[in-house]
1. So is VAL91 buried (at least 16 other Cβ atoms within 10 Å of the Cβ), of a type outside the set (S, T, N, Q) and in a helix (DSSP H, G or I) or not?
2. I want to confirm something. Restricting to the range 283-307 and keeping residues that are outside any helix (DSSP H, G or I) and surrounded by 18 or more Cβ atoms within 10 Å (Cβ to Cβ), which single residue is nearest to the chain's Cα centre (by Cα)?
3. Kindly indicate the residue of the range 19-49 that is among the polar types (S, T, N, Q) and closer than 15 Å to ARG159 by Cα and also surrounded by the fewest Cβ atoms within 10 Å (Cβ to Cβ) among those meeting that condition.
4. Which one of the conditions (1) buried (at least 24 other Cβ atoms within 10 Å of the Cβ); (2) closer than 23 Å to GLY32 by Cα does GLY75 fail to meet, given that it meets all the rest?
5. Give me the residue from the range 200-223 that is part of a helix (DSSP H, G or I) and free of Cβ contacts under 8 Å to residues at least 40 places away in the same chain and, out of that set, nearest to ALA62 (Cα to Cα).
6. For the range 107-164, how many residues are over 20 Å from VAL186 (Cβ atoms) and of a type in the set (Val, Ile, Thr)?
7. May I ask you to list the residues in the range 118-148 that are under 14 Å from VAL229 (Cβ atoms) and buried (at least 22 other Cβ atoms within 10 Å of the Cβ)?
8. Looking at the range 89-106, which of its residues are within 13 Å of the chain's Cα centre (by Cα), farther than 14 Å from HIS157 by Cβ and not small (Gly, Ala, Ser)?
Amino acid sequence: MEANANANGLTAAPEAAVGSGMRALDRWLNLGAVVLPFAATILAIALFWNELVTAADLVILAVMYLATALGITVGYHRLLTHRSFQTYPAVRYLLAALGEMAVQGSVIAWVADHRKHHAHTDVEGDPHSPHVGHGSGIRGVLRGLWHAHTGWLLVSHGRADWRRFAPDLCDDPGMRRLTGLFPWLVLAGLLIPAAAGFAVTGTASGAALGFLWGGLVRVFFVHHVTWSVNSVCHFFGTRRFDTDDRSTNVFWLALPSLGESWHHNHHAFPRSATHGLRWYEIDPSSLVIRGLARVGLAWNVVDITPERQRERLAAAPR
């Protein structure tokens, strides 16, 4: 499973002590987290082609995708990394737990990596920039895209100093506990769809298909959509604000990424709870945050007014 799957929670060493790179165990766990869902998805495609799939399997896939992807986009990213809104501890911990079920690393490791990305975006020190240190020409482009999409998981994932980049989460006993429980929450994220498949069909094959579609195939899709924000959304797409990085907006990723692919907007206004800043920029994660606010489960939601956006546009060099 993707590191840091550290059962002791806060035993990850600071960057000064780990300059030589990732532990071999973490690298192998991450490689397994890439390869196993990919192989399972190939199998699922074959089953789908032969019509050995039911509507229940696809519903389980969709529900698990939305739950765990929102754990990343609303929980890990907008709430815990950028503090775009506030909520009750129970909601914070629930969103963090759903994020861990997405198999992208423990909550503290993920937040530390992402804050480091914002501190060094597309310059030396960025954990997953496609633009730094990959050479020139077409080979450099391909190497950079590979690194940003997947390769960084075998080199720099989970290496950000937790105490430096995520001190607030390190000081939160609940987040420390969830970080230590990461391997068990990964397991829960695989067993829940298996249990749902068994509940629907009452058969072992139903449980196996639930595990396949709602577990491994779901992990594959959530992974590659998230990683596309690291790679595609720093290479292709459009820009309208003046930022000190190469982030882009990619419209065709907006729906599967639940609004995260308005990535240039996000880098222009990192604390904004909404990344789709124009009416036609679809942002389901923002809608979820607005829904939480409407029922009293979120407050102090950070909004970027049209006036502030116009000021940022006017300040851009011509």
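1. On the way: buried (at least 16 other Cβ atoms within 10 Å of the Cβ): yes; of a type outside the set (S, T, N, Q): yes; in a helix (DSSP H, G or I): yes.
Spelling it out, VAL91 is indeed buried (at least 16 other Cβ atoms within 10 Å of the Cβ), of a type outside the set (S, T, N, Q) and in a helix (DSSP H, G or I).
2. Kept after step one, since they are outside any helix (DSSP H, G or I), are these residues of the range 283-307: 283, 295-305.
Then drop every residue that is not surrounded by 18 or more Cβ atoms within 10 Å (Cβ to Cβ), which leaves 283, 298, 301.
Values: ASP283: 15, ALA298: 21, VAL301: 21 Å.
My answer is ASP283.
3. Residues of the range 19-49 among the polar types (S, T, N, Q): 20, 30, 41.
Checking the rest, the ones that are also closer than 15 Å to ARG159 by Cα come to 20, 30.
Numbers: SER20: 6, ASN30: 25.
Among them, the one singled out is SER20.
4. Tallying (1) buried (at least 24 other Cβ atoms within 10 Å of the Cβ); (2) closer than 23 Å to GLY32 by Cα, GLY75 fails exactly one: (2).
5. Applying the first criterion (part of a helix (DSSP H, G or I)) to the range 200-223 yields 200-201, 204-223.
Applying the additional criterion that residues be free of Cβ contacts under 8 Å to residues at least 40 places away in the same chain yields 204-205, 207-208, 211.
Working: ALA204: 21, SER205: 19, ALA207: 16, ALA208: 17, PHE211: 13 Å.
Residue satisfying both the conditions and the ranking: PHE211.
6. Residues in the range 107-164 being over 20 Å from VAL186 (Cβ atoms) and of a type in the set (Val, Ile, Thr): 6 in total.
7. Our first condition is that a residue be under 14 Å from VAL229 (Cβ atoms); within the range 118-148, this holds for 118, 121-122, 126-130, 145, 148.
Correct list: ASP126, HIS128, SER129, PRO130, ALA148.
8. Matches in the range 89-106: LEU95, LEU98, GLU100, MET101.
The values are calculated or read from the model by the stated rules, or taken from the named source; none is laboratory data. For clarity, every value in this text was computed on a predicted model and none was experimentally measured. So basically every Cβ, Gly included, is an ideal-geometry build from the backbone, and we count neighbours across all protein chains shown.
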